Structures are given as C-alpha cells and as structure tokens.
1. Any idea which of Phe324, Ser441, Leu224 is furthest toward the positive side of the dipole for the chain, if Lys and Arg beta-carbons carry +1 and Asp and Glu beta-carbons -1?
2. Using Stokes-Einstein with the Kirkwood hydrodynamic radius over Cα pairs, what translational diffusion coefficient do you get for the range 1-153 at 4 °C and a viscosity of 1.567 mPa s, in µm²/s rounded to a whole number?
3. Where in the chain are the helices, taken as whole DSSP H runs, whose Cα atoms extend 24 angstrom or more along the long axis and whose Kyte-Doolittle mean reaches at least -1.0?
4. Only Lys, Arg, Asp and Glu count, each charged at its Cβ (+1, +1, -1, -1), so figure out the dipole size of the chain about its Cα centre, rounded to 20 debye.
5. Sticking with the crude label model, points 7 Å out along Cα→Cβ, report the distance from Ser278 to Arg154 in nm, one decimal please.
6. Using the C-alpha gyration tensor of the chain, what are the square roots of 5 times its eigenvalues, in whole angstrom, with the largest one first?
7. What relative contact order, as a whole-number percentage, does the chain give when Cα pairs under 8 Å and 6 or more residues apart are counted?
8. Considering the options Leu45, Ile132, Ala462, tell which one lies farthest towards the positive end of the dipole of the chain, charges being +1 on Lys and Arg and -1 on Asp and Glu at the Cβ, about the Cα centre.
Amino acid sequence: MELATTRKALVAIDLGAQSCRVSLLRWNRNEPEIEVLHRFSNAPLSTKDGLRWDIEAIFDGVMTGLRSSAACAPEGIASVAVDGWAVDYVRLDSKGNPVALPFCYRDTRTEKAESEVHAVLPPPRLYSLTGIQILRLNTLYQLYADKIAGEDPRTPWVNLPEFITYRLCGKRVSEYTNATHTGLVRLGTHSWCHEIFHDLGLDITSVPEIVPSGSLVGPISKDLARLPAFRDTKVIVPACHDTASAIAAIPAAGDDWAFISSGTWSLVGTVLEAPCVSDLAQSLNFTNLGGVGGRIYFLKNVNGMWLLRQCMNEWAQQGIRWSFQDLLSSCASLPVPAALIDVDDPQLMVPEHTIDKINAQLERLGQPQFSLDDSGIPPLANTIFHSMAARYADVLSSIGKITGKKLRRLFIVGGGNQNTLLNRLAAQYTGLEIILGSTESTTIGNFAIQMAALENHGNPSAGVTAESVARWAERMSASSLVLSNDRETN
C-alpha cells in the first residue's frame, strides 16, 4: 500500500455505550483511507451505589488504540478527536481525577430528581428556556440527583467524551453539541442558562467553558507526547455528541430529507437553521440539539436496538441463544403483529425484566403474551421491529407537521442500518425513500470535522462551518475507504 508520508494521519475515538473504537485515517495517493485499529466492549456496571461506567477501563482502551495508531503511522499524527454518548459526566477532584465512577444515564436515581426539578421548573418553562426534550436521563436531572444525595455542587464536572479529551491535553471544555444535550444551555445561544442553575440551587462555577465544534483545545500531553508520531499532535473537539458527528457525515443537500441515527438509540429527526419551540413541538417533546456550524438537529429519541439486546440477554440467561442474523431470518417471513408495543414506554428505558414489561403492555391491550421459549422468540423480535418502524413513521409525520417540510428521503446511518429487515419496515411504514449511509458515520463525521478544523489555521478557536465539514464528509463517503475488517480480532 502506497501511502503519502508528507501528509499526517488523524485519529478518531468513538465511545459507545456498548462498544468503543479507535480509528486511524491515513492518505493513500491523496485519498483518505480509514481503518478501525482497536475496538473494545463497554457496558455499565451494576454496583451497590448504582449503575456506573468503568471510566478507567474506557480510558485504558483508548490509550491502547492510540499507541496502536502511533505504531501504524510513521508519518506522524496531525490530530486526535473524541466523540461519544451524551448526558453522562465525570466529577473531578482538585487534582483532576474522577471523584467516583460516573453514573450511567439509565440509573433510576433520576426518577426522584425529575419530579423535584419539575416542582421548581415545570416542563413548559424548561422547554422555553432550552428547547430540549424532557428526558430524565438528561444531565440536568443527574446533577440534581447529586444534590439530593448530598454531593458538593461546586465539584467540577465534564461530560464523558470531553473527559477523555481532558485526560489527553489537560483542558476541560464542553463542546457545543454535547453541551446542549445536558438541558442546561439557553436556547439559541452557546451559553449556560443561569436561571436554571440559580432556581435549582446548582453551582454554575462547576461547569466547563463551552466551545464550538472543531475547536483546537491543545497539544497532546503526557506520555503520548513522547512518542514520535504524537510529537506535534493537536487535540480537537469534533461534535462530541456522537449523533451530531454522525449527522454531519450525511452528504445530503436540499430540504426534503430526514435522518435516523440508528444504534443503541434511534435518533429520528431533521436539520433546521434555527430552533423550533412551537406549542406542538413542546407538546410532542421534540428536542433542539446543537449541530455542527450552529445548525439545529430537531429530533426525538426513540428506543433503539438496545431494547432487543436486553431481550437477547434475558433469553441467554435462560440458556436460549439466538444470533442476530438468525433472528432477522426468522422474522422476515412473519406477518404483521396483531398488536404493536410502545417502545418508548419509560419502563422499557431501564434494564432488567424487559420481556415481562413487554408482556405487561400486551396484557393491557388484551393480547396474548410471549412465551419464554424458542417458539415465542421470533414473534417477540418481530413485534419489536414493527413497533420501532411504526414509531419512526409517527415521529417523521410529526416533524412534517411541525416544520412544514415535505419529506421524501430518509437517511439511515450508524451500525443499526445493517438491520435489513428494519430498513425494509422503515420504508414500508414511512413511505419514504430509504438511503443507507455509512455504518461508521460517526467516525466519518469526526474525521470530517478534524479536517475542516485543520484547514482553519487562522482562527483555531472559532470552530468549523457546516459547509466545510459537509465537503469533507462527502469526499470520505465517496471514497468508500472505510474498512469493514478491524486489524485485530476481538
């Protein structure tokens, strides 16, 4: 493989709630070539103190991937950027170390916090302040849960992707797209909402500085800087919210398209130039997440493939094991279910007893329940797939009513777009043309933002424009050089 040695490589780190990966971009005859060098599993830990993330294990996996990147890129590495899931955060002590393992957003501690927050700031008021959907997993409710537990509200915190960034360069920031997901940023601004902090008794001195997507936050430091490949490496914040990076990788023009970022969650939405907080948007609980270049990603969270994974784990505990592909094959010839379930039932957002919760829904509908044996498994999976697709159609129909857009195309990106049955059902239920983007769209978006940032030498703290990122995303998507086979076997 002939690779240019005068153009340095880039590294993208994507933290997922189930799987994390470190990818390397090098240049082959002036074309980008991307390879996943290290992939490692991730899952929340059930501890006596709640559902938490092993943040040190995550950081160790990142460091393994970075060292592999250095070994594979003798030309040197120009930049590194980290994206990941939103809302969760790490509290830091006076030395910058985690005070404790960070909580997982699915922990039930926010149930009490949500009700107490709404007693002070009712949902309509919160929505008018932030434009963010009311979900008890939002950082807002987690910080309030800390307050209830007696945690010092002055203790600094930083969201998980930016925590890894902080460990790499020593600067604590909150990237714009990820900051908006906290439910603590004032609508239409890049600033924390002082009113929320004041009214809820939270300490605004604990927050990081908000910076735009594509900001250069510092040189890589500590042990990595001693490796030749990392001698002059810059640390960049991409769109630290992984969904925002994935959407930035969609090479679409016009105003007739929507997206689904499909994975653990299904993020269903469209791109707007300005926030939309109409009465209908608020009543249907749509969110206005910050996007690359200041755009707005107007969307709803729909329970995604995590729901099926929970069922598969419960089957496995009973000694019943099905592969994902066998499930798809078994469901492909099944008829439309007699009844669909509400995949966004709050009870289905938390782990354990998922099949019991689904059966409880069916009982309320007067429908027979699914049995816990081989005969009941394909019909249950089929019901989940149809219910997800029907929910997609419902959300997209609402988007059309709220925004006035005439949607014709639906881009599906992320690892979930490999589900051929769900893609077919999405087309059937929505009536839209389905266009499959890259399964590694988050990584492509991460790299596109890095390239746009590196071009912006004159103002490295100003972030990037959506147009410059789109040009790089289109080039990377067109090159078809994202490799499906990892260098290592996991």
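1. Leu224
2. Values: Rh = 18.1 Å.
Rounded, D is 72 µm²/s.
3. Numbers: long enough: 55-72 (26 Å, 0.83); 377-403 (39 Å, 0.53).
Going by DSSP H runs, the hits are 55-72, 377-403.
4. On the way: 42 positive and 51 negative charges, 152 e Å.
Approximately 720 debye in magnitude.
5. Output for this residue pair reads 4.7 nm.
6. Working: eigenvalues 221, 152, 108 Å².
Semi-axes from the Cα gyration tensor: 33, 28, 23 Å.
7. Working: 1014 pairs, mean separation 86.3, N = 490.
Relative contact order comes out at 18 percent.
8. Among Leu45, Ile132, Ala462, the one farthest towards the positive end of the dipole of the chain is Ala462.
The values are calculated or read from the model by the stated rules, or taken from the named source; none is laboratory data. Computed from a prediction, not measured in an experiment: that's the story for all the values here. Methodologically, a virtual Cβ is constructed for each residue, glycine included, from the backbone with ideal geometry; neighbour enumeration extends over all protein chains shown. The protein model used for the area step is the full one, side chains on, heavy atoms only, and it has no ligands, DNA or RNA in it. Shrake-Rupley method; radii C 1.70, N 1.55, O 1.52, S 1.80 Å.
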